[in-house]
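Data first, discussion second: the structure below is written as structure tokens.
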Amino acid sequence: MTALVIDGKQLAQKLRSEWKLRADRLNAAGMAPGLAAVVIGDNPASKIYVRNKIKACREIGIRSEEHVLGAGSTLPAVLALIDRLNADAGIHGILVQLPLPAQLAPAVVIERISPDKDVDGLHSRNLGSLLSGHPRFVPCTPAGIMEMLKTTGLNLRGKEAVVVGRSNIVGKPVALLLLQAGATVTLCHSQTRNLAQHTRRADVLVCAIGKPHAIGGEMIKLGAAVIDVGINRSAEEKLVGDVDYGAALQRAGWITPVPGGVGPMTIAMLLCNTILSAERHAAEQGIQLGA
Ligand code: NDP
């Protein structure tokens with residue numbers, strides 16, 4: 001069996017051209033969608049991620065601004081910036097790029113973002129809405145994963161879904177989304193005994209571990225849809241996922257590549273959430289958007 005590759009770059013491009021029309025309508029109505037990205041510290045990967053997000057915003061007509069704070073920034077300084085962005089009517093989405101320097105507790109910083117502008121969907125109020133089945137902003141990576149699964153045409157109802165990794169950013173929210181879609185979900189983590197026993201049952205396998213090639217071919221059910229979230233550097237300095245891609249190609253029904261899989265979809269869903277936020281804002285103000 002040779003798996004079908006779910007091309008995240010191509011799918012993101014297609015969705016972005018649809019969302020550009022929505023951004024155009026907002027701009028035409030004088031409600032330019034606006035995103036503020038906050039980068040704190042010198043993490044080179046964070047800088048690249050934010051640069052890519054800003055570039056993607058520009059391409060579809062979202063106004064974006066980058067706020068760069070030094071690695072030694074204090075909590076009051078960071079919270080003051082977030083307060084200012086919360087109060088700025090031209091900003092509909094605020095993202096704080098993680099990880100943060102050690103002196104800043106991510107939970108405290110994220111909780112300060114207005115839930116109405118939390119386009120990463122990580123504020124406890126937004127995670128709570130997701131848990132209750134009525135999400136306002138779905139976290140970007142899990143939302144992107146669900147879009148990728150849609151392209152397989154699989155009906156998730158009754159399927160065995162196994163998620164490896166239980167972070168608040170990826171593992172837990174994607175498990176909730178799969179549950180809402182009707183799958184029977186198993187959530188695995190570093191304490192899980194005999195991981196392969198679980199993964200081998202999975203019709204849908206989502207891997208968000210952060211360990212290169214932790215999932216070998218023998219851990220994949222024949223024909224499964226495998227979503228590889230991990231971004232790791234191999235010994236040869238190449239970007240690789242959590243899944244042994246070559247082996248997965250021989251067993252899975254569908255597989256996402258790294259790079260070019262979940263990564264571009266994460267950025268695309270950020271754009272979608274920002275447009276959604278601006279549309280809600282327009283509706284609250286009684287602004288009519290053209291057809
Ligand atoms: P975290 O480090 O927050 O979580 C990793 C999870 O994997 C934890 O729940 C941990 O378990 C679990 N884990 C670690 N080792 C094992 C193991 N051997 N077996 C089973 N479970 C294990 O990472 P994130 O969720 O933030 O990210 C995961 C990966 O996805 C990273 O490579 C990251 O770079 C990538 N990523 C990619 C994105 C994209 O857009 N493509 C977006 C976000 C992340 P425990 O809780 O018990 O410690």
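The values are calculated or read from the model by the stated rules, or taken from the named source; none is laboratory data. The model shown is predicted, which means the values in this text are computed figures rather than measured ones. Backbone-built Cβ (ideal geometry, glycine too); neighbour counts: all protein chains shown. Ligands, DNA and RNA are excluded from the accessible area calculation, which covers all protein heavy atoms including side chains. Shrake-Rupley method; radii C 1.70, N 1.55, O 1.52, S 1.80 Å.
Structural remarks
- Screening Ala161 with (1) more than 15 Å from the ligand (Cβ to nearest atom); (2) aliphatic (A, V, I, L, M); (3) free of Cβ contacts under 8 Å to residues at least 24 places away in the same chain gives one miss only, at (3).
- Filter result (at pLDDT below 95 and in a strand (DSSP E or B)) within segment 233-258: Arg233, Leu239
- Taken over segment 165-206, the criterion of being part of a helix (DSSP H, G or I) and closer than 22 Å to Gly128 by Cβ is satisfied by Gly171, Lys172, Pro173, Val174, Ala175, Leu176, Leu177, Leu178, Leu179, Gln180.
- Residue-level check: of (1) within 16 Å of the ligand (Cβ to nearest atom); (2) open to solvent by less than 40 Å² (accessible area, probe 1.4 Å); (3) outside any loop (DSSP other than H, G, I, E, B); (4) over 17 Å from Asp203 (Cα atoms), Val138 misses just (3).
- Flag if Asn273 is within 12 Å of the ligand (Cβ to nearest atom), open to solvent by 10 Å² or more (accessible area, probe 1.4 Å) and among the polar types (S, T, N, Q): no
- Of all residues in segment 205-257, those satisfying the criterion of being open to solvent by 20 Å² or more (accessible area, probe 1.4 Å), away from the ligand (no atom under 12 Å from the Cβ) and of a type in the set (A, V, I, L, M, F, W, C) are Leu222, Ala235, Ala247, Leu249, Trp254.
- Taking segment 1-117 as the region of interest, the strands (runs of 3 or more DSSP E) fully inside it that hold 2 or more residues being open to solvent by 20 Å² or more (accessible area, probe 1.4 Å) are 63-69.
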